[in-house]
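Notes to accompany the following structure.
The values are calculated or read from the model by the stated rules, or taken from the named source; none is laboratory data. Owing to the predicted nature of the structure, the values given are computational and were not obtained by experimental measurement. Neighbour counts run over all protein chains shown; Cβ positions are idealised from the backbone, glycine included.
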Amino acid sequence: MKKLSWLLLICFFAAIVAGCTLFGGEKHQIIIGGKNFTEQDILVYLMQYVIEDKTNLKVGTKPFLGGTSVVAQAIERGDIHIYAEYTGTALINILGEPMTTDPDVAYEKVKKIYQDQKQLVWLKPFGFNNTYTLSMQEDRAAELGIQTFSDLAKKAPSLTLGCTQEFLERPDGYKGLQKAYNMDFKSINGMDPGLTYAAVRDGKVDVIDAFATDGRITAFNLQVLKDDKKFFPPYYAAPVVRADTLTKYPEIADALNSLAGKLNDKEMATLNAQVDLDKKDPKEVARAWLKTQGLIK
C-alpha cells in the first residue's frame, strides 16, 4: 500500500511538471514565457490571445520568469516555446555581437544568427522600440543643467544611480556607459525593475535606467536624457519561436504576425501605464486592446 501511495504521488508531481492535470486534463501545446517586467507581461497575453483566437492550439503562460538570461535559456531548453525579445538585447547581451544603430541591420542579423545557431525564429516586430535610456526628475535635471548623457557624466560623481541588477551587468548597460561616456556615479543602488521609477520620483536616487515605452516617465514628470553619442542600439520587440514548434504548428506564424507593426512607442507606453499606474490586470489590458484593434473576436 505504501508503494502504491508513493507511486501515485510521483505520478501527480510528474503531471504537474508536464503542465497537465492528472485526471483527463490536456497538456498545453504551446507555452509562452516572459521577462520580469510589465511590458513583457502584457506581450505574453497579447501573443496568447491571438494564437488562441486564430488557431485551435492550447496555450499556457509563464510570465515573470526572470531576467533576459533566464528566459533565453528557457526557450533554448524547450521549457517555453515562445517569448518576446528585443533586437538590441539579443545582438549585444545574448550574442555578443558589435553594436549597430540601424534597426533593420540589427533585426536581420539577430534573425539569421538565431536561426542558424539556436534554431529559433524571429517573427515580424510588433512595431515599437523600447530602447534603454537614463531618466531623472525634470526639475532636478533643469537645476543641474543636464539634458544629455554627456552632461550627466560631468555631474555623475555627485549623483546616485538606481537601476536593475541586469542593467549593471549588461555590456549595453552601465558597463558600456562607463566606457562610452566616462560615467561614474557616487553610488549605485541595484533595484527591482518595479521600484526604480518610484525611487527617482521620491528623490531616493537621482537617476535611473528607464525604458522608453514606460508610462511612468510622463506620469512622474521625469525627463528622458538624450543619448548624444548614440550608445544604445535599437530595441525593437518581436516574437521569438522555437523552429521545431513552428514546424509542428506553422499556423503560429500567421497568428503572431497579425501583431506586426500594430504597436508604436506611444501605444505601448499607454498599455504599460494602464497596468503600472491604473492597476489594471495585464490580461484584461491585452484582451481589450486586441479587441479594439479587431485582432481577436
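Key figures for this structure:
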{"read-out": "Which listed residue, of Gly88, Gly78, is exposed (fewer than 15 other Cβ atoms within 10 Å of the Cβ) and touching a strand residue (DSSP E or B) at 6+ places or on another chain (Cβ under 9 Å)", "value": "Gly78"}
{"read-out": "Count of the range 66-78 residues which are under 16 Å from Val241 (Cβ atoms) and either in contact (Cβ under 8 Å) with a residue 40 or more places away in the chain or of a type in the set (A, V, I, L, M) (or both)", "value": "6"}
{"read-out": "Cβ pairs under 7 Å, 6+ apart, first in the range 263-290 and among the acidic types (Asp, Glu), second part of a helix (DSSP H, G or I)", "value": "Asp276/Thr38; Asp276/Arg216"}
{"read-out": "Answer residue from the range 254-277, given it is among the aliphatic types (A, V, I, L, M) and in a helix (DSSP H, G or I) and is farthest from Gly215 (Cα to Cα) among those", "value": "Ala255"}
{"read-out": "Where Gly194 falls short, out of the listed (1) closer than 30 Å to Leu46 by Cβ; (2) at pLDDT 95 or above; (3) not in a helix (DSSP H, G or I)", "value": "(2)"}
{"read-out": "Wholly within the range 24-118, strands (runs of 3 or more DSSP E) carrying at least 3 residues that are closer than 18 Å to Pro282 by Cα and hydrophobic (A, V, I, L, M, F, W, C)", "value": "59-66"}
{"read-out": "Only one of Asn182, Asn189 that is farther than 14 Å from Ser135 by Cα, touching a Gly at 6+ places or on another chain (Cβ under 8 Å) and in contact (Cβ under 8 Å) with a residue 24 or more places away in the chain", "value": "Asn189"}
{"read-out": "Options Lys280, Lys229; residue that is outside any helix (DSSP H, G or I), assigned by TED's automatic domain parsing to the domain that holds Tyr107 and of a type outside the set (Ser, Thr, Tyr)", "value": "Lys280"}
{"read-out": "Subset tally (residues that are more than 12 Å from Ile80 (Cα to Cα) and hydrophobic (A, V, I, L, M, F, W, C)) for the range 31-66", "value": "9"}
{"read-out": "Verdict on Ala238 being under 24 Å from Ala74 (Cα atoms), in contact (Cβ under 8 Å) with a residue 60 or more places away in the chain and outside any helix (DSSP H, G or I)", "value": "yes"}
{"read-out": "Residues that are free of Cβ contacts under 8 Å to residues at least 60 places away in the same chain, more than 29 Å from Leu91 (Cα to Cα) and of a type in the set (A, V, I, L, M, F, W, C), drawn from the range 143-171", "value": "Leu144, Leu159"}
{"read-out": "Filtered residue count, the range 71-89, keeping only those that are touching a Gly at 6+ places or on another chain (Cβ under 9 Å) and β-branched (Val, Ile, Thr)", "value": "4"}
{"read-out": "Residue selected from the range 129-147 under the condition buried (at least 19 other Cβ atoms within 10 Å of the Cβ) and of a type in the set (A, V, I, L, M, F, W, C), by the criterion nearest to Leu177 (Cα to Cα)", "value": "Leu134"}
{"read-out": "Every residue from the range 61-77 that is of a type outside the set (Val, Ile, Thr) and within 18 Å of the chain's Cα centre (by Cα)", "value": "Lys62, Pro63, Phe64, Leu65, Gly66, Gly67, Ser69, Ala72, Gln73, Ala74, Glu76"}
